1. Under a Cβ-Cβ cut-off of 15 Å, what is the net charge of the residues other than residue 95 that fall near it, where Lys and Arg count +1 and Asp and Glu count -1?
2. Would you mind working out the magnitude of the charge dipole of the stretch 136-185 relative to its Cα centre, with +1 at each Lys and Arg C-beta and -1 at each Asp and Glu C-beta, to the nearest 20 Debye?
3. GNM, the chain, Cα, under 10 Å: largest mean-square fluctuation among 156, 92, 169?
4. Would you mind estimating how fast the chain diffuses translationally, via Stokes-Einstein at 25 °C and 0.890 mPa s with the Kirkwood radius over Cα pairs, in µm²/s?
5. Do any trypsin sites (Lys or Arg not before Pro) in the stretch 1-94 lie in a DSSP loop with no more than 12 other beta carbon atoms within 10 Å, and if so, which?
6. Please get the size of the charge dipole for the chain, origin at its Cα centre, with Cβ charges of +1 on Lys and Arg and -1 on Asp and Glu, quoted in debye to the nearest 20.
7. In sequence order, what are the phi-derived ³J(HN,Hα) couplings for the stretch 33-50 according to the Karplus relation 6.51 cos²θ - 1.76 cosθ + 1.60 with θ = phi - 60°, rounded to whole Hz, with x for glycine and proline?
8. Dipole of the stretch 1-108 (Lys/Arg Cβ +1, Asp/Glu Cβ -1, origin at the Cα centre): which of 3, 104, 19 lies farthest to the positive side?
Amino acid sequence: MKMETFYFEESSQEHTDKVLEIVRNFLESNKSIEHIIVATTEGTTGLAAARKFKDKTVIIVTHQTGFVKPNENELSQEKREKLYDEGAQILTSTHAFAGVARGIRVQLGGWQSTEIIAVALRTFGQGTKVCAEIAMMAADAGLVPTDRDVVCIAGTGRGADTAWVLQPTNTQSFPQLKMRACLCKPLSF
């Protein structure tokens, strides 16, 4: 199998359309991949992906409620409805590498293993860490299989600048996560 990785000079939400094009081109040669998992904060990236990949099962993963402000989610009800209208599934849940561990670090000090893993994955870029995270979150929610590859799309801040082919696993089986191939990512982040 021949794999190509596209590298952006730097991280930017301006790469979103190119990321979606790279993924679409990859899928043309890899039709067995059925699931696309996309990180979105306020919905723009998720909506673009839902429209681009209507022939696939698209799972949109949002920030957890309370991420920025208690009892609030950054994905508006209007965007949520548009995503559903496009056929996407939406997952809003605790971040796999954060949750209680982040709360302990912020409130009491001291790093937990999941946050250390997140820091290690960020050495490849924020989007790479998010791709691993959303794959496990979707697996835990029963939205993707753990015995087949998926494509994950994420970014650095807003938009998308990273895409990976990977085989998801449930969070309790983290060592079985398979980061198969990087389709694109920024060189500078």
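Where a number appears in this text, it was derived from the coordinates with a stated rule and is not lab data. This is a predicted model, so every value here is computed, not measured. Cβ coordinates were reconstructed from backbone atoms using ideal geometry, including for glycine residues, and neighbour counts include every protein chain displayed.
1. Taking every Cβ under 15 Å from that of residue 95, the sum is 0.
2. Here the size comes out at about 140 debye.
3. Residue with maximal mean-square fluctuation among 156, 92, 169: 92.
4. Rounded to a whole number, D works out at 149 µm²/s.
5. Filter output for the stretch 1-94: 2, 31, 54.
6. In debye, rounded to 20, the chain gives about 280.
7. Values per residue, Gly and Pro as x: 7, 9, 10, 10, 10, 10, 7, 8, 9, 10, x, 5, 5, x, 5, 4, 5, 4 Hz.
8. It is 104.
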